[in-house]
Amino acid sequence: MNDASKRAVLKKRIADKDPFMIPGAFNAICAKFVEKQGFPCTYVSGSGTAAAFGLPDLGLTTLSEAVSEAEHIARAVQIPTIADADTGFGNVLTIPRTVRQFESAGLAGIHLEDQVFPKRCGHLAGKEVIPTSDMVALLKAALAAREDPNFIIIARVDAYSVTGFDDMLYRAQAYYDAGADLIFPEALQSLDEFEQVAKKVPVLANMTDFGKTPYFSFQEFVDVGCLCVLFPLTTFRACMKTMRDTLAHLHEHGSQADILDSLYTRQEYYDLIDYKTYELQADQIISDSSN
């Protein structure tokens, strides 16, 4: 599936109000697992991108770094990929470049947040938000920069823990009226709050681990009107814990022989990356060249 087709599929699913889950992928192999499991979309977290460089999620990564990481993931799978574009890597003058770079890299969409730069993790204290009018201007500039109208722009609203629910709801409506395809209300704390937002705008709910939002199920979110549910770093945190435990075992025992049943096998790995297809392609090229 080419880039345009991926975007069209995602845009149609949103237009049809067909609910779906979006697990995060922290690299291309993880994205392949997301696809293999049957999920219709994956996501590149800004926090996950920062972690790839050993950095905290404080706006320390550059546009080129974020685009490069996202492109590896988007190109590895046939399902659409959405990327976290933080606060846009600039202002209304530079946001067109941000949009075009992510679009050219094969992404199906991005989300932008209304925090003051340098931003903070959406579930930590100390956030500040920009004026609503500034975010509306940023969104309009981003929307105008799209070459493919199916490239989605999601507006993340971080105001809930800063200026309160009413301001968050006002911003959500303003951002949707400005043309955002989805609204991402960050760190809400009840299904009733999500329902109030979903009655006004199409909602992407963030079901992150160890955050401010209680652990609601996908179906519970759908039942209150949310369109899609994001699990941004669950795969990453699972992988980190497994890596920690595996390395501890290796350090203590000096061998992996007695934990082989917990490892992904060589054959499973080759199947996941479609090793055989590449091998056959190479053989065919060599054969054609020799004839």
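No lab work stands behind these numbers, since they all come straight from the coordinates. Here the structure is a predicted model, which means the values were calculated and not measured. As a convention, Cβ positions derive from the backbone with ideal geometry for all residues, glycine included, and neighbour counts pool all protein chains shown.
Just a few scattered comments:
- Shape call, the range 3-239: gyration tensor on alpha carbons, a/c limit 1.5: rounded
- FRET efficiency for Ile285 and Phe53, using Cβ-Cβ distance with R0 set to 35 Å, rounded to 0.05: 0.45
- Highest-fluctuation residue, Cys41, Cys121, Cys226 considered, GNM on the chain with Cα pairs under 10 Å: Cys121
- Cα-centred dipole magnitude for the chain, charges only on beta-carbon of K, R (+1) and D, E (-1), debye, nearest 20: 440 debye
- Principal-axis tilt of helix 95-104 within the chain, Cα atoms, nearest 10 degrees: 30 degrees
- The C-alpha atoms of the chain define a longest principal axis, and helix 234-253 lies at about 40 degrees to it.
- Rounded FRET efficiency, nearest 0.05, which uses the C-beta distance separating Asp192 from Lys17 and R0 of 22 Å: 0.60
- Virtual spin-label span in nm between Thr94 and Tyr170, 7 Å along Cα→Cβ: 2.9 nm
- 3J(HN,Hα) along the range 34-42: 4, 5, 4, 6, x, 6, x, 7, 10 Hz, from the Karplus curve 6.51 cos²θ - 1.76 cosθ + 1.60 with θ = phi - 60°, whole Hz, x for Gly and Pro.
- Farthest towards the positive end of the charge dipole of the chain, among the residues Pro232, Gly254, Ile154, is the Cα of Ile154, using unit charges on the Cβ of Lys, Arg, Asp and Glu.
- Prolate/oblate/rounded call for the range 202-291, Cα gyration tensor, a/c under 1.5 rounded: oblate
- Dipole axis of the range 3-239 (+1 Lys, Arg; -1 Asp, Glu on Cβ), positive-most option in Gly179, Ile82, Ala28: Ala28
- Taking each of Lys36/Lys200; Lys6/Lys241; Lys17/Lys212; Lys36/Lys241; Lys140/Lys200; Lys11/Lys199 in turn, the alpha-carbon distance tops 29 angstrom for Lys36/Lys200; Lys6/Lys241.
- Annotation: the antiparallel percentage among DSSP beta bridges lying fully within the range 3-239 is about 5.
- Here each label is just a point 7 Å from Cα along the line to Cβ, and for His249 and Ala125 those points are 3.9 nm apart.
- Protection-proxy order for peptides 143-152, 249-258, each taking the mean of Cβ atoms within 10 Å per residue, highest first: 143-152, 249-258
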